[in-house]
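Please read the structure below before turning to the comments.
The values are calculated or read from the model by the stated rules, or taken from the named source; none is laboratory data. Everything quoted here is computed from the prediction, not taken from an experiment. Note: areas computed on protein heavy atoms with side chains; ligands, DNA, RNA excluded. Shrake-Rupley method; radii C 1.70, N 1.55, O 1.52, S 1.80 Å.
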Amino acid sequence: MYSMTGYGRATCMKDGRSLTIELKSVNHRFLDLNFRMPRSFLFLEDAARKQIAASLSRGHVDVFVTYVNRRDDSRMVRVDEGLVKAYEEALNQVEKLTGVKDDRSLSLFAKLPDALVIDEAGEDEDALRALLNETMAQALDSLNAMRAREGEAMKRDMLEKLEEIEEKNALIEKRYPETVDEYREKLRARVNELLATPIDEARLAQEVALMADRAAVAEETVRLSSHIRQAREKCALSEPIGRSLDFIVQEMNREVNTISSKSQDIPITQAVIACKSAIEKLREQLQNVE
């Protein structure tokens, strides 16, 4: 089981190029990717999306890409010839207008704004592609390790909640026949209070049968047991299970609500309340399960 919340980071250095990728994920119904990367890597965004999608199925993921090129050929300095000539002509005019003796030097021209221009060298696309692929793989491993640790803690908690629901369901199954017997005795006592004539046992049996039919919860408890078993089986899988578990928990809630509507028995009602509380906690947990 994997949580959709996590953080992963990796840095790779090759041939003077350094790339750092940070991945931050939170819960989301689908896989939603948000990239922040240098312009030189924009041509690789589609490949990066596919690589992430092969590892993650759901969640909002912010992808931060930081790149530094320390190679000797990463930059070059060129002279803006037109601008330097314009500076020279302007200085000649100043000399004629002011009569000030010319003290020009090479360093003067080098210090003039934008006379020397620093250009970024063209990047090797194949080298960037290989660097991104390797760094992204390591960042995803880091992210998934954290998501797996959190997912394992969530799994333990969910299994505890399923065990609690199972215990309450067993209590309901055991309690239901007792409610029928108690209803029979209460009805008999009430009739004895109101009537001086002997009780019609056939009529009494008929009333008890009607009550038992209206309050019968066997079908619901059997289905609830089946849903609990399916949820446990899902928790044992290594594939994404969030959506299917969410559906199972919805069905569990449906069965518990039906039991609640049928029964007027206080112990059963208390067990139902405990089941609903555990199911609600399961639903909250599932919001973050991949």
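For the stretch 1-157, the normalised intensity computed at q = 0.20 Å⁻¹ comes to -1.16 (log10 of I(q)/I(0), Debye sum over alpha carbons, equal scatterers, no solvent). To make sure I understand the rule: partners must be lysines, Cα under 20 Å from the Cα of LYS96, and not fewer than 8 residues away in the same chain. Which ones qualify? Reachable lysines: LYS85. A 1.4 Å probe run over the protein chains yields, for the stretch 1-117, 65 Å² of accessible area per residue, whole-number rounding.
For the stretch 1-122, the fraction of 1.4 Å probe accessible surface lying on carbon and sulfur atoms is 52 percent.
Computed over protein heavy atoms with a 1.4 Å probe, the accessible surface of the stretch 136-181 works out to 51 Å² per residue. Taking amide H positions as modeled 1.01 Å from N, with prolines and chain starts lacking one, the residues under 5 Å from ASP32 and 5 or more places away or on another chain are GLY59, HIS60, VAL61. When a 1.4 Å probe is rolled over the protein heavy atoms, the share of accessible surface on the stretch 216-290 that falls to carbon and sulfur comes to 50 percent. Candidate cross-link partners of LYS155 among the lysines, defined by an alpha-carbon separation under 24 Å and a same-chain spacing of 8 or more, comprise LYS24, LYS168, LYS234, LYS276, LYS281.
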